[in-house]
Amino acid sequence: MLLAAVVLGLIQGLTEFIPVSSSAHLLIVERLFRWSTSKPTFDIALHWGTLVALLAFFWRDWVAILKSFVAHVARRTPYGKPEDANADGRLFVPIVVASIPAAVVGLGFEGKIEAMRGSEWMVAAIACALVGIGIVMLLAEKLGARRRKIDSMNYVDYAVIGLAQALALFPGVSRSGITISAGLFRDLDRTAAARFSFLLSTPAVVGAGLVAIKDMARHGLPAGDWAVMGAGFATAAVSGFVAIGFLMRYLQHRSLTTFALYRFALAAVILLVLFRL
């Protein structure tokens, strides 16, 4: 069981942040090795491990964001005016606004989506999502002007990217893939789109982690699962941190095309091999 926790944590950490869909990869492991990926203990370990990776990588950004928000509240100045030297620090309210669509969809439909995970047709649906979002990524690269930074974003940008994040609740979509693509469609450059995508994902990961804790409280924690949780948490946190750093460096000079092609290949593997298992 420890081996399963380590492998699942590694897969979750790497594929949660790289735009190739963590749910698709976890499905492959689940079908090949007959490992359960839906236990509350796994959910807690994996979600909180990826949250630690996000906070560890972007802690300076969050300190600036929270300090700027508190300063505006204390001074009672309009929050939307770019009067700070660090304009990026004024992202607290936009991140909250952009998080609303995913929160609404999550509260309304996540339970139903999770209940369908065991359905045979879900395998084909995930493969279709891999291909569909791969095409979206290619179109975003082709059509986006890639000339804007985060400090030029407006509430239309926040709404578009927030709505895109809501789609990521469906397995196979990839939160980073769909939100970075939405940023590119809004003419953000790749690193700005990726940075906002990761900042926006933080509240969503917190919410998923809290839901996992609620599920564990309902079902209880079996004896011996603390070690499993620790192994999954640690590997998800470390691999997630590495994955974020890799993608941020990668997108400085390269496009999403390689990841889109990988998604097409993964969809073919799922349909040709795993659908028969």
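Just so it is clear, none of the values below were taken in a lab; they were calculated from the coordinates. None of the values given here were measured: they were computed from a predicted structure. A quick note on method: Cβ atoms are made from the backbone with ideal geometry, for glycine too, and the neighbour counts reach across all protein chains shown.
Region 149-212 and region 250-273 have Cα centres spaced 19 Å apart.
Considering only Met153, Leu107, Ala53, and ranking their Cα positions along the charge dipole of region 2-276 that arises from unit charges at the beta-carbon of Lys, Arg, Asp and Glu, the one farthest toward the positive end is Met153. Near Gly49, within a Cβ-to-Cβ distance under 13 Å, what is the net charge of the other residues, with Lys and Arg +1 and Asp and Glu -1? For residues surrounding Gly49, the net value is -2.
Would you check the chain for Lys pairs whose C-alpha atoms are within less than 27 Å, ignoring same-chain pairs closer than 8 in sequence, and give me the count? Numbers along the way, then the final one.
Details: Lys39/Lys112; Lys39/Lys214; Lys67/Lys81; Lys67/Lys149; Lys81/Lys149; Lys112/Lys214.
Count of close lysine pairs: 6.
State the extension gain, in nm to one decimal, for the chain segment bounded by Arg31 and Lys214, taking 0.36 nm per residue of separation less the distance between their alpha-carbons. Spell out each step's value before the answer.
Values: separation 183, 0.36 × 183 = 65.88 nm, distance 2.66 nm.
Result: 63.2 nm gained on full extension.
Computed log10 I(q)/I(0) for the chain at 0.07, 0.08 Å⁻¹: -0.25, -0.33, from the Debye equation with unit scatterers placed on every C-alpha and solvent omitted.
Computed from backbone phi, the HN-Hα couplings of region 229-246 come to 4, x, 5, x, 4, 5, 5, 5, 5, 5, 5, x, 4, 4, 5, 4, x, 4 Hz, rounded to whole numbers (Karplus: 6.51 cos²θ - 1.76 cosθ + 1.60, θ = phi - 60°; Gly and Pro given as x). Between Leu139 and Ile100, the simple spin-label model (points 7 angstrom out along Cα→Cβ) gives 2.6 nm.
In this structure, the amide hydrogen of Arg148, modeled 1.01 Å from its nitrogen in the peptide plane, lies closer than 5 angstrom to those of Leu188, Asp189, counting only residues at least 5 positions away or on a different chain. When you restrict to C-alpha pairs under 8 Å that are six or more residues apart and normalise by the size of region 2-276, the relative contact order lands at 39 percent. Shown in residue order for region 173-187 are the 3J(HN,Hα) couplings computed by the Karplus curve 6.51 cos²θ - 1.76 cosθ + 1.60 at θ = phi - 60°: 6, 5, 4, 5, x, 6, 6, 5, 4, 4, x, 5, 4, 8, 6 Hz (x for Gly and Pro). Here region 2-276 is treated with +1 on each Lys and Arg Cβ and -1 on each Asp and Glu Cβ, and its dipole about the Cα centre works out to around 400 debye.
The length gained by stretching the chain between Trp226 and Lys67 to full extension, at 0.36 nm per residue less their Cα-Cα distance, is 53.7 nm.
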